[in-house]
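Undergrad: Take a look at this one; I'll ask things after.
The values are calculated or read from the model by the stated rules, or taken from the named source; none is laboratory data. Note that the structure is predicted; figures quoted are calculated from it, not measured. Please note: Cβ atoms are built from the backbone with ideal geometry, for glycine as well, and neighbour counts cover all protein chains shown.
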Amino acid sequence: MTTTTETRDKTGKSPAPPPRLSIVVADRGHVWVGGVRPLDGEFLAIEGARCIRRWGTSEGLNELAVKGPRPSTRLDAAATVHVARRAAIAIIPCEPTAWTA
């Protein structure tokens, strides 16, 4: 028999998984990179979100996701952003080690 130990918070719920570093492409031209997690049924939270003003790549956003910011990449200051799930066009998982400063 296999048993699992699951931790729960004071409300009896399992803790949320840690945010996954991703690039989020949203409608109206917004592109952020940060830790993405579900906020509730309607929204996503992007923690430490930095708006990508200039990609600075020759191979698009996938290059940024894999290789991290390039010398000519321009990022805005970090903040927490809440985005409606319906506004998220694409979520591209990033290589976390490529994004450590």
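Undergrad: Are any residues in segment 51-65 over 15 Å from Ile91 (Cβ atoms), surrounded by 12 or more Cβ atoms within 10 Å (Cβ to Cβ) and of a type outside the set (Asp, Glu), and if so, which ones?
TA: Correct list: Cys51, Trp55, Gly56, Thr57.
Undergrad: Moving to a separate point now. Kindly check whether there is at least one residue in segment 73-89 that is in a helix (DSSP H, G or I), at pLDDT 95 or above and exposed (fewer than 12 other Cβ atoms within 10 Å of the Cβ).
TA: yes
Undergrad: Now for a separate question. Within segment 48-63, can you find the residues that are out of contact with any Lys or Arg (no Cβ under 7 Å at 6 or more places or on another chain) and of a type outside the set (Phe, Trp, Tyr)? Break it down stepwise before answering.
TA: Initially, segment 48-63 is screened for residues out of contact with any Lys or Arg (no Cβ under 7 Å at 6 or more places or on another chain), giving 48-52, 55, 58-63.
Within segment 48-63, Gly48, Ala49, Arg50, Cys51, Ile52, Ser58, Glu59, Gly60, Leu61, Asn62, Glu63 qualify.
Undergrad: Gly35 is checked against (1) within 22 Å of Pro18 (Cβ to Cβ); (2) loosely packed, with under 12 Cβ neighbours inside 10 Å; (3) without any contact (Cβ under 8 Å) to a residue 24 or more places away in the chain and fails just one. What number does that condition carry?
TA: Just one mismatch for Gly35, condition (2).
Undergrad: If you don't mind, there's one more thing I want to ask. Across segment 5-40, what is the total count of residues that are at pLDDT 85 or above and out of contact with any helix residue (DSSP H, G or I) (no Cβ under 6 Å at 6 or more places or on another chain)?
TA: Here is the first cut: in segment 5-40, the ones at pLDDT 85 or above are 19-39.
Narrowing the set further to residues that are out of contact with any helix residue (DSSP H, G or I) (no Cβ under 6 Å at 6 or more places or on another chain) leaves 19-20, 22, 24-25, 28-39.
Residues flagged as at pLDDT 85 or above and out of contact with any helix residue (DSSP H, G or I) (no Cβ under 6 Å at 6 or more places or on another chain) within segment 5-40 amount to 17.
Undergrad: Name the residues in segment 76-96 that are more than 14 Å from the chain's Cα centre (by Cα) and either under 15 Å from Gly48 (Cα atoms) or among the polar types (S, T, N, Q) (or both), would you?
TA: Those that are more than 14 Å from the chain's Cα centre (by Cα) and either under 15 Å from Gly48 (Cα atoms) or among the polar types (S, T, N, Q) (or both): Asp76, Ala77.
Undergrad: Regarding Leu64, is this residue in contact with a strand residue (DSSP E or B) (Cβ under 8 Å, 6 or more places away or on another chain), at pLDDT 95 or above, more than 20 Å from Arg85 (Cβ to Cβ) and hydrophobic (A, V, I, L, M, F, W, C)? Even if it seems obvious, please write down each step before you answer.
TA: Details: in contact with a strand residue (DSSP E or B) (Cβ under 8 Å, 6 or more places away or on another chain): yes; at pLDDT 95 or above: yes; more than 20 Å from Arg85 (Cβ to Cβ): yes; hydrophobic (A, V, I, L, M, F, W, C): yes.
It is true that Leu64 is in contact with a strand residue (DSSP E or B) (Cβ under 8 Å, 6 or more places away or on another chain), at pLDDT 95 or above, more than 20 Å from Arg85 (Cβ to Cβ) and hydrophobic (A, V, I, L, M, F, W, C).
Undergrad: Could you check how many residues of segment 59-84 are farther than 14 Å from His30 by Cβ and in contact (Cβ under 8 Å) with a residue 24 or more places away in the chain?
TA: Total satisfying the criteria: 10.
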